[in-house]
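Report on the structure given below.
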Amino acid sequence: VYYRQDFHATALIKSFYGAAILPDILHHAFQGRSSAFLTPGRPVRFLFAEHFHPEMVLNLLGQLQRQGALDFEMVVLTPDDSVEAFIRDRFAMCERLLGGGIVDKVNIVNVTVLQYAALHQASGGALFDYIEYNGGLSRADDPSAELRALRGLLHDSGGAVGLSYFSTNHHVTRLRNMVDSREKLFMVPFSLEATRLVKAYLAQHKLGHLAEDHELVVHLGGEAALSEHVLYRADQAVPRVQWRTYSQAEAAHLVEEAGFEVASWVPTAYSRPFGKSPRSKFAQKSTICASDHALSLQRR
Amino acid sequence: VQKHADTGMSQEDFVQTLMTTFRYTQYLVKKLTAANTTNSRTGRLKLTRAMFQSDRRGRTVASTIHIEDRVGYLGSTFAGMEQLALQRQSTAIEFAHHALPGDNRFSLIVSPVIAPCLSQLSARPTVQGLHEMNRAFAQQQGRTFEEVEAQDLLLALLAFIERRNLITYYSQSDIEENATDDDAGTYTVMLEGSAKATAGGSGLSTVGGLKVKTSSAHSTAGSAQQAPSEPSAPDLPGPLTKRLMDKDAAAVEGLRALGHPYSVIEEILLSEARREEARKSEATKRGSGGAKSQSRGRSVTDHILRALQPDRN
């Protein structure tokens, strides 16, 4: 998408893609110094560490291409075959725009973070300048071990990790209580009560814009929403464990324990600048190949 | 906070439970040991009035820092809200965004000194550019324009909306200068207190609390000591873009101002030119006139330009 806003791809589908947004990385982790991050005198290395939104891989490639920062390498870790298939499918779709050279810089590896860290340590591979770890703290079996592994993969100076996770707040607590205390025998097994309850709650608290964030709705609905997810959305990936939430103090402790310090801490911004755009439907499908492909779609 | 403090809730609890968000995003760096304290990358880029001071070549740091609209609607929203405020004869601009759950509205009282630039916030302007817009507007209106006051007001407003994650500061010229300019060096803007940590930097000066470092591209500290092995290619207009510039320079300049690189514009024009050529050859085979395809060609170009423009709604 050749809009100037495209770096903030979250806007397109109103769900959170992650933190691998170049202007944000530069601003929050490098105090705006582009050259310190993008032209360090060697290829800039990016790692997508198992927990990430697959669209963000494409989005980051598009950002780097537009910046002309083509001296980079990217490693994508995913034990999930469907994620790899999704990314490769997008590569094929955007082949003309991306060019073979860019796709060749991306290496998709079918291992977990911990497996990759062990392999990396044994082989002594190159370190990374930026690591995307979106939702890992909430979803990983052992987030503390994964954070320590990420530390071993990051450059001592000039490296940053983009981390995101679900936070604890009074809405989460109240929603979980409401979901747990609802009438569970009502219309079993076809009830969508938990999901509907969450959406109604969000709407009543001026948070209706979050109701379309499917990941968040399932998270807030807890186990009940998860089972509904399994029943009615079997085509989508099912989360492995119940997603954890963290208070600021808990997260700070975990991060510090793993040997990191917080360069910057930002809340998630939701927006919909493309809400009225005739191209928004296409924009939801793809984040980077909107030029000739989009135009040809429009003509049809 | 006061309302909840009356019920026994501490300010920390208030922030934790009521003003928090559903997701946190953090940028982490390695916590270094005491023996290796060169890590200066803590905190966000902050702007101070010192960045409006020109260097020996007449450039300012403010002219190197772009404003990225994180949410995509700031310019049009401010423009709309200004009109609404005028209609209501109010000095306050009401604003809403969704970075925080619950209370997601706030209102601003914006001085007329800096109001003219607000509608341009989505066009990736520089800080200097915003200031000059305000100055130009004041001169056009025949009003007196206090430079220092206007700079302070602009920086205060930018800081306000930056803290709400509506904008991000972004220094693109940093890269360009490293790649093309050997003797002038790079600008580096650092937070107060971080200058000591940037070991090896030359020509460090402190102006009004802002550290401004001017150093040669080859003497930059740390990992940036070596020149980039593959400097990024300069973004120059291609032949099709040049042709379009001859016909409609304003359109190309408008797109450039919105952040579209020449390479992107050229690629799309090339793609459309090929298609148009295919259409023409097909039309020739069918025996249709050239005038028809010419008019279609113009509409296609217009179509591309419209497509490249951001949604004005």
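Quick notes
- Test: A:V75 is assigned to a helix (DSSP H, G or I) and within 19 Å of A:G18 (Cα to Cα): no
- Residue ID - modelled with the lowest pLDDT, chosen from residues in segment B:33-79 that are open to solvent by 30 Å² or more (accessible area, probe 1.4 Å), among the hydroxyl-bearing types (S, T, Y) and within 22 Å of B:T168 (Cβ to Cβ): B:T42
- Residue check, A:G135 open to solvent by 20 Å² or more (accessible area, probe 1.4 Å) and either more than 15 Å from A:A19 (Cα to Cα) or within 14 Å of another protein chain (Cβ to nearest Cβ) (or both): no
- From the options A:F86, A:F37, A:F30, residue that is farther than 18 Å from A:V266 by Cα and open to solvent by less than 10 Å² (accessible area, probe 1.4 Å): A:F37
- So A:F91, is it of a type in the set (F, W, Y), within 30 Å of B:M9 (Cα to Cα) and open to solvent by less than 70 Å² (accessible area, probe 1.4 Å): no
- Put simply, of A:L58, A:L12 the only residue that is assigned to a helix (DSSP H, G or I), of a type outside the set (F, W, Y), modelled with pLDDT under 80 and surrounded by 23 or more Cβ atoms within 10 Å (Cβ to Cβ) is A:L12.
- Residue within segment A:161-169 that is more than 7 Å from chain B (Cβ to nearest Cβ), assigned to a strand (DSSP E or B), open to solvent by less than 20 Å² (accessible area, probe 1.4 Å) and not polar (S, T, N, Q) present: no
- Listed by first and then second residue, the pairs linking a residue in segment A:157-184 that is within 15 Å of A:R196 (Cβ to Cβ) to a residue that is aromatic (F, W, Y), with Cβ atoms under 8 Å apart and 6 or more places separating them unless they lie on different chains, are A:L175/A:Y201; A:M178/A:Y201.
- Matching entry among B:E94, B:E162, B:E82 (being at pLDDT below 85, open to solvent by 70 Å² or more (accessible area, probe 1.4 Å) and touching a strand residue (DSSP E or B) at 6+ places or on another chain (Cβ under 8 Å)): B:E94
- Pairs are defined by a Cβ separation below 6 Å, a sequence spacing of at least 6 or placement on different chains, a first member in segment A:113-131 that is farther than 26 Å from A:L38 by Cα, and a second member that is open to solvent by less than 50 Å² (accessible area, probe 1.4 Å) and part of a helix (DSSP H, G or I); the pairs so defined are A:L114/A:A149.
- Those residues of segment A:98-119 which are open to solvent by 20 Å² or more (accessible area, probe 1.4 Å) and assigned to a helix (DSSP H, G or I), in sequence order: A:G100, A:G101, A:V103, A:D104, A:L114, A:Q115, A:Y116, A:A118, A:L119
- Residue within segment A:230-243 that is part of a helix (DSSP H, G or I), among the aromatic types (F, W, Y) and at pLDDT below 70 present: yes
The values are calculated or read from the model by the stated rules, or taken from the named source; none is laboratory data. Just so it is clear, the model here is predicted, and its values are computed rather than measured. Here Cβ is always computed from backbone atoms with ideal geometry, including for glycine, and neighbour counts include all displayed protein chains. For the accessible areas, the whole protein counts, side chains as well, though only heavy atoms, and no ligand, DNA or RNA atoms are used. Shrake-Rupley method; radii C 1.70, N 1.55, O 1.52, S 1.80 Å.
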